[in-house]
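Chemist: Here's a structure for you.
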Amino acid sequence: VKDEILGKSGRKIPSMLDYQVHIEGGSMYNTPPVFSIYTAMLNLRWLKAKGGVAEIEKENKAKAFALYTEIDRNPLFKGTCAVEDRSRMNVCFVMQNPELEKPFLKFVEENGVEGLKGHRSVGGFRASIYNALPITSVHTLVELMQIFAEKHQ
């Protein structure tokens, strides 16, 4: 930033956006969010170690494909949005028979799958398959969906 333009915005701006204030404060007008910066660094290192963005994208596509394939194949389940609008991070679905939702949720929780219950205003299920979730966890859920279907068809 050129010194001659500092403090000459021509209008009142918040001090956080005024470079003159930062220069006068030795570039430390505020305390940097150290913990946020640290956790971002850890996440970026992890991402790099996994093979970078391209590899994570490949894994995320595989996770979503496996779960959506089972939802579409299994007659007990039904997706809640159009195919072209499906999320790769939060897979939402319901059961064809709503009376089976509580037993299914209990079954998966008894088998180690947590946090599958959908939003309280929407119902159904939401499988959050974020970057850090391994594909083996998705395979476990798919297997449990198949076992439950065998018992309840």
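Chemist: Rounded to a whole number, what is D in µm²/s for the chain from Stokes-Einstein with the Kirkwood radius over alpha-carbon pairs (25 °C, 0.890 mPa s)? Kindly include the intermediate steps, with their values, before the conclusion.
Modeler: Details: Rh = 19.2 Å.
Result for D is 128 µm²/s.
Chemist: Taking each full run of DSSP H in the chain as one helix, which ones are at least 15 Å long along their axis (Cα atoms) and have mean Kyte-Doolittle hydropathy of at least 0.0?
Modeler: 34-49, 135-152
Chemist: Using a/c under 1.5 as the rounded threshold, could you call the range 88-153 rounded, prolate or oblate? The axes a ≥ b ≥ c are square roots of the C-alpha gyration tensor eigenvalues, and prolate needs a/b larger than b/c, oblate otherwise.
Modeler: The shape class here is oblate.
Chemist: Just list whichever of LYS117/LYS151; LYS48/LYS78; LYS58/LYS117; LYS50/LYS102 have alpha carbons separated by over 32 Å in the model shown.
Modeler: LYS48/LYS78; LYS50/LYS102
Bear in mind that the values in this text are calculations on the coordinates, not laboratory data. Everything numeric in this text was worked out from a predicted model, so none of it was measured.
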